[in-house]
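What follows is a set of notes on a single structure, which appears directly below.
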């Protein structure tokens, strides 16, 4: 807002990076550019006053997922296979992009005070309850009677970072579900890839060792779930 | 990468601060940007960096695969446990006000710790799984 040229520069760099990733044949360079894309996205989110999201994007997108992509590349050839570019793919991409752009026409502009999110009373309620200290702490203050007690005071939390309060307290169920999703994803990866080293050793042996292997793992699983 | 002197020295200097920063993000999430998810990822990034520079064996010695595998479930159980404890104390599920004075602060901190444990464990487990696959 105070410096629109920064937004323009960052968005232009994002676009350039995205196009180069699409045109890149060298997979290693493409993986590194994906990390750069995430870092640029994180920078842009800081300028949009969303430091929590920027934080996540920088740590996950630019940090860990790049490492995982690089790890995957170790078992792949370095160059992408040359495939003939089909005009149908271009049409599909342009169509999808066009529909997505058309979808954004409905969105309120950045920081619009009349947007549904800003107008909805739940936003006001969340901000009030997150920022105001709980009743028993506020009782000693004289100004609490001045302003008049709000019905929202019984939900007051008094934590400066509203994002944390909304995520962990007001929407605690959602965050629990998200943690369960991460749990499930981790479990899936560990079950599919985990212990690859042991399984490979087993494969070279006779197959009748495998019941032993299962037997070894069953108490392990019990220990995790209890 | 075991013979890269500069990488080894810089990583040795940086890794303690990366891990410390993860805990700062974790415990300071109430006041500044951050929280369990980000802290878990940063912690995992520190361990992954250690594994990349000093080898998978060294990383698995520092943080054992069995421990992170249990951590995957432990974090989620801690999260659900906070909700169950709130119920036992007379509130609703995940109603931190039941946890006594400053219940909201306690509840949020515990729940974020659960998120931290699960996220860090999942990320490190995924890295170990991939690295073991590539290693052989």
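Please treat every number below as a calculation from the coordinates, not as lab data. These numbers were taken from a predicted model, which means no experiment stands behind them. Virtual Cβ from ideal backbone geometry, glycine too; neighbours counted across all protein chains shown.
Against chain B, whose longest principal axis is taken from its Cα atoms, helix B:103-135 shows a tilt of about 30°. Residues of segment B:1-28 with amide nitrogen under 16 Å from the 7 Å Cα-to-Cβ point of residue B:58? Only B:1-19 fall inside the zone, counting backbone N under 16 Å.
So if R0 is 51 Å, what FRET efficiency would residue A:28 and residue A:174 give, r being the distance between their Cβ atoms, rounded to the nearest 0.05? Write down the numbers at each step before the final one.
On the way: r = 37 Å, r/R0 = 0.73.
So, using R0 = 51 Å, E works out to roughly 0.85.
Need the full-extension length gain, residue A:109 to residue A:85, defined as separation in residues times 0.36 nm minus the C-alpha distance. One decimal, nm.
Working: separation 24, 0.36 × 24 = 8.64 nm, distance 3.66 nm.
Length gained between residue A:109 and residue A:85: 5.0 nm.
Treating r as the C-beta distance of residue B:19 and residue A:181 and R0 as 25 Å, the FRET efficiency rounds to 0.50. According to a simple spin-label model (label point 7 Å from Cα along Cα-to-Cβ), what is the distance in nm between residue A:50 and residue B:31? Result: 2.7 nm between the two label points. Modelled spin-label separation between residue A:16 and residue A:95, with each label point placed 7 Å from Cα along the Cα-to-Cβ direction: 3.3 nm.
At q = 0.13, 0.15, 0.19, 0.21 Å⁻¹ the log10 of I(q)/I(0) for segment A:4-80 amounts to -0.42, -0.54, -0.78, -0.90, computed by Debye summation with a single uniform scatterer per C-alpha, solvent ignored. Distance between Cα centroids, segment A:81-128 to segment B:99-136: provide it in whole Å. That distance is 31 Å.
Can you classify the protein assembly as shown as rounded, prolate or oblate using the Cα gyration tensor, where a ≥ b ≥ c are the square roots of its eigenvalues, rounded means a/c under 1.5, and otherwise it's prolate if a/b beats b/c and oblate if not? Since a/c reaches 1.5 but b/c is at least a/b, the shape of the protein assembly as shown is classed as oblate.
Spin-label model, residue A:6 to residue A:192: label points 7 Å out along the Cα-to-beta-carbon direction sit 4.0 nm apart.
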